[in-house]
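Undergrad: I have a structure here, written as structure tokens, and I will follow up with some questions on it.
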Amino acid sequence: IGPFKFPNWYFLQYGKLEGTINIVTAIKRSNDIFFYKVGEMVGIDRLTAMTKRFGLGNILGIDLPGESKGLVPDDAWKQKVIGDKWYLGDTYHLAIGQGYLLATPLQVNLMTNVIANGGKLCRPHLLSDLSHLGNLGNLCKDIGLKKDTIDLITEGMKEACATGGTGWPFFNFEIRSTKSEIRKIEVACKTGTAEYGESTNKTHAWFTMFIPLDEVKEKLGDVTGAVSVTVLVEGGGEGSNVAAPIAKKVLESWLGQ
């Protein structure tokens, strides 16, 4: 757009193209170009409205002090704070989670949980006794996603943690359920590598994932939903190489490996 370029990581790093792709492959391959164009088609107003429905830009209400609400920018905000109008390039950046957008790891985790639990945004709550998990329904609200939408995103996230995706540390993820039995666990995930937005090559490493609870019923008992892990390593590099291995160790530890 004019003098500005909006590239894709696969071409920048390897000089390769993805070809024609759909939403599942775009999530699997973390394809920037796909989401630039989707953001353009959706438009800034509907894009920010949906972003806020997922809990970004708001206090989520966890029972800990000091929670930040982050920022979901729009034209009015940019005019007031930056003193400039909103450009198509700003929409491109927002569509891939960059630019002026600010999100906390807690918000990204809750956004992941919306997909994991069938479309409900739940107020985060600290528990020491997992037996209370089944009694938290009053902390959740349905944000109005269609089942087909949730299924597509889930499929893309599962593909991201399968061979050919970007979440390579979770390829063929397995746990030892007994001394003699090893069980493969299907993981749904999304990698993220967020640029600082200044003249430096540093990036923040993001990784968020979930596994359905039916994969670990022996751990939690008869409850619905999922187990999720979100990792941010500030200035750490690539999400797949830095944040994902940490999430894997967290999950392995929680599963008693």
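The values are calculated or read from the model by the stated rules, or taken from the named source; none is laboratory data. In this text the structure is predicted, and so the values were computed from the model without any measurement. When the accessible area is computed, the model is the full protein with side chains, heavy atoms only, and any ligands, DNA or RNA have been set aside. Shrake-Rupley method; radii C 1.70, N 1.55, O 1.52, S 1.80 Å.
Undergrad: Using a Gaussian network model on the chain with a 10 Å cutoff between Cα atoms, which of Trp168, Trp77, Trp206 fluctuates the most?
TA: Of the options given, Trp77 has the highest mean-square fluctuation.
Undergrad: May I pose another question? Give me the number: length gained by fully extending Arg123 to Asn172, i.e. 0.36 nm times residue separation minus the C-alpha to C-alpha distance, one decimal in nm.
TA: Residue separation times 0.36 nm, minus the Cα-Cα distance, leaves 14.4 nm.
Undergrad: What number, rounded to the nearest 500 deg cm²/dmol, is the helix-based mean residue ellipticity at 222 nm of the chain, given -39500 (n - 2.57) per DSSP H run of at least four residues and division by all its residues?
TA: After summing the helix terms and dividing by the residues of the chain, the value is -10000 deg cm²/dmol.
Undergrad: Can you tell me the length gained on complete extension of the stretch Tyr14 to Met41, counting 0.36 nm per residue apart and subtracting the Cα distance?
TA: Stretched fully, the Tyr14-Met41 segment lengthens by 6.9 nm.
Undergrad: At a 1.4 Å probe radius, carbon and sulfur cover how many percent of the accessible area of the chain?
TA: 54
Undergrad: If ligands, DNA and RNA are left out, what is the accessible area of Lys158 with a 1.4 Å probe, given in Å² to the nearest 10?
TA: 60
Undergrad: Same structure, new question: For the chain, what's the relative contact order in percent, using C-alpha pairs closer than 8 Å and at least 6 residues apart?
TA: On the way: 429 pairs, mean separation 43.4, N = 257.
Result for the chain is 17 percent.
Undergrad: Obtain the radius of gyration and the Kirkwood radius of the chain from its C-alpha atoms and give Rg over Rh.
TA: Radius of gyration over Kirkwood radius for the chain works out to 0.96.
Undergrad: If amide H atoms are built 1.01 Å from N in the plane of the peptide, which residues on other chains or at least 5 residues away come under 5 Å of the amide H of Lys69?
TA: Correct list: empty.
Undergrad: Under a 1.4 angstrom probe, counting protein chains only, how are Val114, Val242 ranked by accessible area, largest first?
TA: These residues rank, largest area first, as Val242, Val114.
Undergrad: How large is Rg/Rh for region 32-157, to two decimals, with Cα atoms and a Kirkwood Rh?
TA: Across region 32-157, the Cα-based Rg/Rh ratio is 1.01.
Undergrad: Would you kindly find the accessible area of Arg176, with a 1.4 Å probe and non-protein molecules such as ligands, DNA and RNA excluded, rounding to the nearest 10 Å²?
TA: Arg176 has an accessible surface of roughly 120 Å² with all protein chains in place.
Undergrad: Continuing with the same structure: Of the candidates Tyr87, Tyr36, Tyr196, which one comes out as most mobile in a Gaussian network treatment of the chain with C-alpha springs shorter than 10 Å?
TA: Tyr87
Undergrad: I'd like the accessible area for Ser180: 1.4 Å probe, protein heavy atoms, all chains in place, Å² to the nearest 10.
TA: Solvent-accessible area, nearest 10 Å²: 110 Å².
Undergrad: Would you look at the GNM of the chain, springs on alpha carbons closer than 10 Å, and say which of Val187, Val38, Val231 moves the most?
TA: Result: Val38 has the largest fluctuation of those listed.
Undergrad: If the limit is 19 Å between Cα atoms, which of Lys28/Lys158; Lys5/Lys158; Lys52/Lys120; Lys190/Lys249; Lys184/Lys249; Lys184/Lys248 go over it?
TA: Lys5/Lys158
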